[in-house]
Amino acid sequence: MPYHHRLYLNPTLPEPYNAMIQWVKADMFATVSFKRLNLPFIRKDGGGKREYDMRVIDSVDLLKIRECMLHALGLSYLTTHLQDVTL
């Protein structure tokens, strides 16, 4: 489907999201506050402070995700403009 993207993660995310392959479902939009999002918890350090898994998606995958989002919104004709985008 043009609005799904297979994302390969190495190393994997912490459990229960520890599959090497994750799917981006760009047809399932939600508007949420960034403050309400939780990063995946890894462990607590020696001082008891929580450590979180923070990832950055590479530019190739991010461009593909943007393309999938345009397809999901019915704006497939705009995907040709993504070739000019520099991330």
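No value in this document is a laboratory result; all are computed from the given coordinates. Please read all numbers here as calculations on a predicted model, not as lab measurements. All Cβ positions, even for glycine, are placed from backbone atoms using ideal geometry, and neighbour counts span all protein chains on display.
Under 17 Å from the mean Cα position of the chain (by Cα), closer than 19 Å to ARG6 by Cα and not in a loop (DSSP other than H, G, I, E, B) - does that describe any residue in segment 78-87?
No, because not a single residue in segment 78-87 is under 17 Å from the mean Cα position of the chain (by Cα), closer than 19 Å to ARG6 by Cα and not in a loop (DSSP other than H, G, I, E, B).
The criterion of being β-branched (Val, Ile, Thr) and either surrounded by 12 or more Cβ atoms within 10 Å (Cβ to Cβ) or in contact (Cβ under 8 Å) with a residue 60 or more places away in the chain (or both) holds for THR79.
Filtering segment 10-28 to residues that are in contact (Cβ under 8 Å) with a residue 40 or more places away in the chain and among the charged types (D, E, K, R) leaves only ASP27. Residues in segment 29-60 that are in contact (Cβ under 8 Å) with a residue 12 or more places away in the chain, closer than 30 Å to SER76 by Cβ and part of a loop (DSSP other than H, G, I, E, B): PHE29, ARG55, ILE57.
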